[in-house]
Amino acid sequence: DLPGLTMRRQEVEYSTAKFDLILTLIETAEGLEALVEYNTDLFAAETISRLLGHYQRLLEGAVEDPEQRLSRLPLLAEAERSQLLAEWNETRTGYPREMCTHQLFEIQVQKTPSATAVVFEEETLTYDELNRRANQLAHYLRKQGVGPDGLVGIFLERSLEMVVGLLGIFKAGGAYVPLDPAYPKERLAFMLRDTGAQVLLSTRPLASLLPELPSRTIYLDREGTAIGRESDANPISETTPEHLAYVMYTSGSTGQ
């Protein structure tokens with residue numbers, strides 16, 4: 001109080017932010033008072049409230065254990081920690097573990113036969129079209145002796161045919177071995193020898209990129225007519241989830 005003058009505190013509402021985020025701490029008789037100024041284009045009020053809660057928990061942790069390393073101090077309140085570790089991780093859901101991938105695909109075919117299943121550049125296949133083509137290939141592969149745990153190499157560029165090939169191998173009961181046309185010949189030769197793949201799916205233009213070919217190589221472009229004469233009905237599945245699905249090579253698994 002001054003002679004002829006009375007002063008009182010007036011809260012000032014900020015309508016602009018000088019910086020993206022400013023935290024001001026003022027020491028008072030009751031303790032530290034915090035003021036946050038933030039850019040509302042970048043932060044929501046809920047985000048700032050959560051940030052202040054984390055900062056308060058950090059300070060409380062420092063007071064509780066002054067010798068603790070900064071990196072070990074807590075940020076989350078107990079409720080938030082429980083939400084992060086328990087509630088948000090409760091993602092278990094029912095899954096038909098007794099069924100194989102191709103069987104789940106066939107269920108989807110029944111639900112949405114005319115929906116688009118796969119797109120490559122300007123080409124598309126519906127679920128029904130993809131299923132029928134995969135079925136024909138599966139029947140053709142079975143005539144070549146492909147069955148449960150039988151390995152089938154797939155040496156194709158990215159295309160609709162690659163998707164048909166993978167699904168057809170599953171439906172035949174086999175497991176696929178992906179062979180990338182960009183790999184060196186020595187690498188491809190090793191993978192073919194190591195797996196002993198009984199059948200290979202490819203096309204004539206790619207044949208020259210392989211150092212050696214399995215005794216039975218199916219050229220999808222050359223044998224397309226014969227494959228197209230096969231039944232387009234779903235083959236009776238002979239596989240279970242316990243059978244092999246694929247053999248995948250990485251540099252770490254072979255040391256090469």
remark   = Flagged in region 168-191 as farther than 14 Å from Q144 by Cβ and out of contact with any Phe, Trp or Tyr (no Cβ under 9 Å at 6 or more places or on another chain), in numbering order, are A182, Y183, P184, K185, E186, A189
ask   = Cβ-Cβ below 7 Å, separation at least six or inter-chain, first residue in region 178-205 and in contact (Cβ under 8 Å) with a residue 40 or more places away in the chain, second assigned to a helix (DSSP H, G or I) and not basic (K, R): which pairs?
value = V199/L141; L201/G165
key: Pairs, first closer than 21 Å to E46 by Cβ and in a helix (DSSP H, G or I) in region 65-91, second modelled with pLDDT under 90 and open to solvent by less than 100 Å² (accessible area, probe 1.4 Å), C-beta under 7 Å, six or more apart   = none
key: Search result, residues across region 166-219 that are at pLDDT below 95 and of a type in the set (D, E, K, R)   = D180, K185, E186, R187, R193, D194, R204, E212, R216
request  = Would you mind telling me which numbered condition in (1) crowded, with 17+ Cβ neighbours inside 10 Å; (2) closer than 20 Å to V163 by Cβ T195 fails?
outcome  = (2)
ask   = Which condition does P184 not pass, out of (1) open to solvent by less than 70 Å² (accessible area, probe 1.4 Å); (2) under 28 Å from the mean Cα position of the chain (by Cα), if it passes all the others?
value = (1)
ask   = Could you count how many residues in region 1-54 are within 46 Å of the chain's Cα centre (by Cα), more than 24 Å from L76 (Cβ to Cβ), open to solvent by 80 Å² or more (accessible area, probe 1.4 Å) and not small (G, A, S)?
value = 6
query = Quick check: anything in region 120-128 aliphatic (A, V, I, L, M), buried (at least 21 other Cβ atoms within 10 Å of the Cβ) and out of contact with any Asp or Glu (no Cβ under 8 Å at 6 or more places or on another chain)?
reply = no
inquiry  = Any residue at all in region 219-239 that's open to solvent by 40 Å² or more (accessible area, probe 1.4 Å) and touching a strand residue (DSSP E or B) at 6+ places or on another chain (Cβ under 8 Å)?
reply    = no
ask   = Taking region 66-107 as the region of interest, how many residues are loosely packed, with under 12 Cβ neighbours inside 10 Å and farther than 30 Å from F170 by Cβ?
value = 15
task = Say whether the condition of being touching a residue at least 12 places away in the same chain (Cβ under 8 Å), over 25 Å from T124 (Cα atoms), touching a Leu at 6+ places or on another chain (Cβ under 6 Å) and of a type in the set (V, I, T) is met by at least one residue in region 146-169.
result = no
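The values are calculated or read from the model by the stated rules, or taken from the named source; none is laboratory data. All values reported here derive from a predicted model rather than from experimental measurement. Here Cβ is always computed from backbone atoms with ideal geometry, including for glycine, and neighbour counts include all displayed protein chains. Keep in mind that these areas ignore ligands, DNA and RNA; they rest on the heavy atoms of the full protein, side chains included. Shrake-Rupley method; radii C 1.70, N 1.55, O 1.52, S 1.80 Å.
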